[in-house]
Amino acid sequence: MRYLPLTEADREDMLARIGVSDIDALFSDVPADKLLKAPVDLPRARGELEVERILGRMAGRNTAAASVPFFCGAGAYKHHVPATVDHLIQRSEFLTSYTPYQPEIAQGTLQYLFEFQTQVAALTGMEVANASMYDGSTGTGEAVLMAHRVTRRSKAVLSGGLHPHYVEVVKTLSEMANDEVVALAPDVSASEDILSQIDDQTSCVVVQSPDVFGNLRDLKPIAEKAHAHGALLIAVFTEVVSLGAVVPPGAQDADIVVGEGQSIGNALNFGGPYVGLFAAKSKYIRQMPGRLCGETVDSTGQRGFVLTLSTREQHIRRDKATSNICTNSGLCVLAFTIHMTLLGQAGLTRLAEVNHANAVKLADALAGVKGVSVLNETFFNEFTVKLARPAAEVVEALAQKGILAGVPVSRLLPKAGLDDLLLVASTEVNSDDDRAAFVAALAEVL
Amino acid sequence: MAETRYTKDHEYIRIEGETGTVGISDYAQGQLGDVVFVELPEIGKALSKGGEAAVVESVKAASEVYAPVSGEVVEVNSELEAAPGTVNEDPAGKGWFLKIKLKDAAELESLMSEAEYQDYVKSL
Amino acid sequence: MLNRQGRPTQAGAASHEDHATFTGNKALQQVEPLIFEIGRTETTGVDIEQPAPFKSRLGSHARQSELGLPGLSEPEAMRHYVRLSQKNYGIDTGLFPLGSCTMKHNARLNEKMARLPGFSDVHPLQPLSTVPGALELMLELARYLMTLTGMPAVALSPKAGAHGEACGMMAIKAAIAAKGEGATRNVVLVPESAHGTNPATAALIGFSVKSVPARPDGTVAVEDVKALLGPDIAAIMLTNPNTCGIFEPQIVEIAAAMHEAGAYFYCDGANFNAIVGKARPGDLGVDAMHINLHKTFSTPHGGGGPGAGPVVLSERLAPFAPVPFIHVEDGKPHLIETRAEAPEGNQPFGRMTAFHGQMGMYVRALAYMLSHGSDGMKQASEDAVLNANYIRAGLADLMSLPFPDHPSMHEALFDDSWLKGTGVSTLDFAKAMIDEGYHPMTVYFPLVVHGAMLIEPTESESKAALDLFIATLRDLAMAAKGNDKERFTGAPHHAPIRRLDETRAARQPVLKWTEAQPVKDAAE
């Protein structure tokens, strides 16, 4: 087997050195009747070529986003990632390293974590950011728990514009911990009255902008009302590129900001791995979940970086930790940081502009199709259209024509009476031809 | 004359009339290493003997500081927030944690005297 | 002589002095500033064409402030991150005996497969008719995991080990609630030797934690567990093999005792690499166990993630598995994404994450399993155990074994009693290993042992590599016991950076770069 260096002769020598007759003597604590005598019922070892054939055939049965006009979003976005990014993250010293518990031989990881934290703080307009969560949805769950610790309350109010999967994640965590959740009804037009839901028992209000229907939301009045009642505002985003174009949540007095960072540096991957961004006001750092990287000096006075404030974490605080998170999204963080470094302010601003421009062009074109209306007043690169037929049927019909037209709202919210709504995203990857093909095909199937 | 008494968990309490000043012993600060953060209770909080009163953190450990006796928190040493290292430098003096208004002075009798505590530390 | 170029043909005299350089660089070791110190906000390494004028739909939400993010051109960025990489130690650099972490070889075939566009460039919500291969891959991974564990169900979506723990414990909580015992069964037993994630997870989802003492031989005894059982006990969270590297000899009895008391057995599967193909958790009475694909099945650790933590579930817990899951009916896979769509008999407790979990990790793990096959995986576990015991045998006379009565599984645990009186601590010893070109073992974990050193070589090491490692540790041990303290105090001497001031980092946290403030005029 190509991954196993020991030879049969080595194994015999080593058993002799240990002083046992056979390998099963080392498994003597396993109850004899539980020790398997033969390999389990799975195929035997295979060479690279055979494995490539098997997996290549499976991959070939899926329609890759780049192979068709592609307009899906709803929390995961198709963007162009520079070739440099994937090359660099595959360097052995990054790919095959561990969590930087030995800082003297992990300054590479630690320095990029420090760069990442600084980038995320700047993007969100917040004072501090951590070294990542698993993704935006789990980060939102952690943010709610953090707000409960800060406020010593246990009621979360969730906007109806929050991604339904995020709502489910928060509800699941809260149900388990016996915390209260007030989840507002799906709010297609950003017209819900969330302010009246905030009272003196409220721990936090969770609002997404751009919301799941694409609307941009004004967070400032919500922050004001929340603060007046001693509650926190948790601002969420699922499309980080939007921060290149819109007012950041930090400028609207959000207390905690959580977002999905997949769009920068990371592929769609059918849903994971992604990278959760997590930022907060600095007065709350001791209640933050996850790893934090900090600057310090070594014994000769040279600048260096270490993981810090670890007493918040599970390996020290155990049942009193701020979170149980251990492994996070290290390599996805690196991809994010490299891509963001390549973009810089100039590149991100331009990228956001192109995304917005493409979405506006598509919205204008779709609005001209009979049986289609665009519902949004404002949006960034994604918006909601109302169709004359159930959106799931339309999407399926368009898929047969080789166009991936977006995400039917019913996929996220079945039986909610929103079957005629379709979420449509357009990023920099879409050409004018893509849009024209979409518009023409949609007119045909409606 | 103030009297100081100790717990087996290395908290001390220095009695001055009806209040006692609580901190951790010199031995405890040495075992903890560099203190980086101290979490103090709210003033007015009622503590019961042996219950959690504060948390003291070094780089790689977080330890609870237990109330040596029952009582109400009347003052906390908020200077520790900015200068937690004081706990290492002067544990018996400027590095105190909190002051308790004693509920039951008889509880003090179960604690060790200075001499008893020094013997106890030597036995560890 | 023919050396007309004036080139010296002899190596210069060796010197141990640390020659200062003008740049601060030391040949291949380059001092590298932060991007914020070398980048410029007007620079970009990505060329994007400016769009034609259009009417904005941002309304009043357009950004007014500067981002303040520097950019680098492509060559600058390449050099910056390559230089950072050179300050890191990885499995590909050398032996990485980090106990409890299973730092095994990461085959590049797995990377190549995960990057096939049919896996990496597929959206989680595109029509299911366009992703049959993705569902097929998930089903195949599930089949492998269920077969290797002897368990009837698996929830794939958890994002890492601790997330898998939460998933398994939530399933247990849901099962307890379904029996109407939610109000009373709220205590979880956790041995003192457990990973910190176990008590943290139990607390996260509203259980209180009761500690199970460890026996002097490093194992958990069924009598100690039985003594704690009652109508309030929901479950035990037990790592097997345990964090001392020992297979729990009474695990079957402990499982039976839990079940008899109406409670559940959660197994922390972090150490599954010791027993893949040798013993099946399903045969031992396990109700739920997470599998760290980034440990046992070789998906790269990537400097701390991403991982993946699928959870295998017993018949009793399977109905409570979270969405999404694949339901096979009439031989056809159906992806169930909401509680409302769950088929008869399923009561999903909720959702762990957006979308379907760590697809990129599923592909890599399956590529590993397809490559090894059933025979190769069994051999890998045997080699992992053999390697750990070989190291143990090579060091046992010099270093102290806290639990000599049990064979080690895939990792060998030493304590620091052999260092007593030497003035050298476990940390010093670990740092001296860095100078010798090794990543240190796990230190100060598990907590039940003083000054713990937990060595896990994995199956990826050759006998020659192990022999050199043993010889190096023996040499260091002799030095520690002798009078050669210089190798330890202040070590590492040869790493890119010396020991760091962690106290300063924690007392005055600096968590992001900020522009140096101009020094104020003294007259002000």
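The values are calculated or read from the model by the stated rules, or taken from the named source; none is laboratory data. Just so you know, these numbers come straight off a predicted model, no measurement behind them. Cβ sites come from the backbone with ideal geometry, for glycine too, and all protein chains shown count toward neighbours.
Observations
- Here A:Val258 clears all of (1) more than 10 Å from chain C (Cβ to nearest Cβ); (2) crowded, with 24+ Cβ neighbours inside 10 Å; (3) in a helix (DSSP H, G or I) except the condition numbered (3).
- Scanning region C:230-258 for residues that are surrounded by fewer than 23 Cβ atoms within 10 Å (Cβ to Cβ) and either farther than 17 Å from C:Val286 by Cα or touching a His at 6+ places or on another chain (Cβ under 7 Å) (or both) turns up C:Gly230, C:Pro231, C:Asp232.
- Only one of the listed residues (A:Ser154, A:Ser137) is surrounded by fewer than 24 Cβ atoms within 10 Å (Cβ to Cβ), modelled with pLDDT of 95 or more and among the small types (Gly, Ala, Ser). That residue is A:Ser154.
- Residue within region C:223-241 that is in a loop (DSSP other than H, G, I, E, B), of a type in the set (Ser, Thr, Tyr) and in the same structural domain as C:Ile172 (by TED's automatic domain parsing) present: no
- Scan of region B:102-119 for residues that are more than 13 Å from the chain's Cα centre (by Cα) and surrounded by 15 or more Cβ atoms within 10 Å (Cβ to Cβ), ordered by number: B:Leu102, B:Lys103, B:Glu107, B:Leu108, B:Met112, B:Tyr117
- Residues in region A:1-13 that are in contact with a helix residue (DSSP H, G or I) (Cβ under 9 Å, 6 or more places away or on another chain) and acidic (Asp, Glu) were compared, and the one that is farthest from the other protein chains (Cβ to nearest Cβ) is A:Asp13.
- The numbered conditions (1) within 36 Å of the chain's Cα centre (by Cα); (2) at pLDDT 90 or above are all true for C:Leu28 except (2).
- Test: residue in region C:170-186 that is under 29 Å from C:Thr353 (Cβ atoms), outside any loop (DSSP other than H, G, I, E, B) and modelled with pLDDT under 95: no
- Checked against (1) within 13 Å of chain A (Cβ to nearest Cβ); (2) under 29 Å from C:Asn387 (Cα atoms); (3) not in a loop (DSSP other than H, G, I, E, B), C:Ala255 passes all but condition (2).
- Residue check, C:Lys87 without any contact (Cβ under 8 Å) to a residue 24 or more places away in the chain, basic (Lys, Arg) and farther than 22 Å from C:Glu515 by Cβ: no
- Counting only helices (runs of 4 or more DSSP H) that sit completely within region A:290-400, those holding 3 or more residues that are outside the structural domain of A:Gly276 (by TED's automatic domain parsing) correspond to A:330-367, A:391-400.
- Any hit, region C:235-245, residues being among the small types (Gly, Ala, Ser) and away from chain A (no Cβ under 12 Å): yes
- In this structure, C:Gly376 does satisfy being free of Cβ contacts under 8 Å to residues at least 40 places away in the same chain, part of a helix (DSSP H, G or I) and closer than 30 Å to C:Ala134 by Cα.
- The one condition in (1) in contact with an Asp or Glu (Cβ under 9 Å, 6 or more places away or on another chain); (2) farther than 16 Å from C:Leu366 by Cα; (3) buried (at least 18 other Cβ atoms within 10 Å of the Cβ) that A:Asp33 fails to fulfil: (3)
- Contact map, region C:140-167: first residue on the phi > 0 side of the Ramachandran plot, second residue surrounded by 24 or more Cβ atoms within 10 Å (Cβ to Cβ) and assigned to a helix (DSSP H, G or I), Cβ cut-off under 7 Å, separation 6 or more or different chains; pairs are C:Gly150/C:Pro281.
- Residues that are in contact with a helix residue (DSSP H, G or I) (Cβ under 6 Å, 6 or more places away or on another chain) and either among the aliphatic types (A, V, I, L, M) or buried (at least 24 other Cβ atoms within 10 Å of the Cβ) (or both) within region C:279-290 comprise C:Ala279, C:Pro281, C:Leu284, C:Ala288, C:Met289, C:His290, listed in sequence order.
- Region A:207-246 - residue that is assigned to a loop (DSSP other than H, G, I, E, B) and without any contact (Cβ under 8 Å) to a residue 40 or more places away in the chain and, of those, surrounded by the fewest Cβ atoms within 10 Å (Cβ to Cβ): A:His229
- Counting the residues of region A:294-309 that are more than 7 Å from every other protein chain (Cβ to nearest Cβ) and without any contact (Cβ under 8 Å) to a residue 60 or more places away in the chain gives 2.
- Any hit, region A:196-206, residues being part of a loop (DSSP other than H, G, I, E, B) and either under 22 Å from C:Val323 (Cβ atoms) or within 12 Å of another protein chain (Cβ to nearest Cβ) (or both): no
- Of all residue pairs spaced 6 or more apart or on separate chains, none has beta-carbon atoms under 8 Å together with a first member in region C:463-488 that is not assigned by TED's automatic domain parsing to the domain that holds C:Arg392 and a second member that is assigned to a helix (DSSP H, G or I).
- Within region A:128-167, tally of residues that are assigned to a helix (DSSP H, G or I) and over 15 Å from the mean Cα position of the chain (by Cα): 8
- Which numbered condition C:Val424 fails, given (1) facing chain A (nearest Cβ under 10 Å); (2) surrounded by 16 or more Cβ atoms within 10 Å (Cβ to Cβ): (1)
- Within region C:474-489, tally of residues that are touching a Gly at 6+ places or on another chain (Cβ under 8 Å) and either closer than 30 Å to A:Leu6 by Cα or of a type in the set (Asp, Glu) (or both): 1
- Residues within region A:311-342 that are without any contact (Cβ under 8 Å) to a residue 12 or more places away in the chain and of a type outside the set (A, V, I, L, M, F, W, C), tallied: 7
- Members of region C:446-470 found to be buried (at least 20 other Cβ atoms within 10 Å of the Cβ), assigned to a loop (DSSP other than H, G, I, E, B) and in contact with a Ser or Thr (Cβ under 8 Å, 6 or more places away or on another chain), listed by number: C:Pro446, C:Val448, C:Ala452, C:Glu456, C:Thr458, C:Glu459
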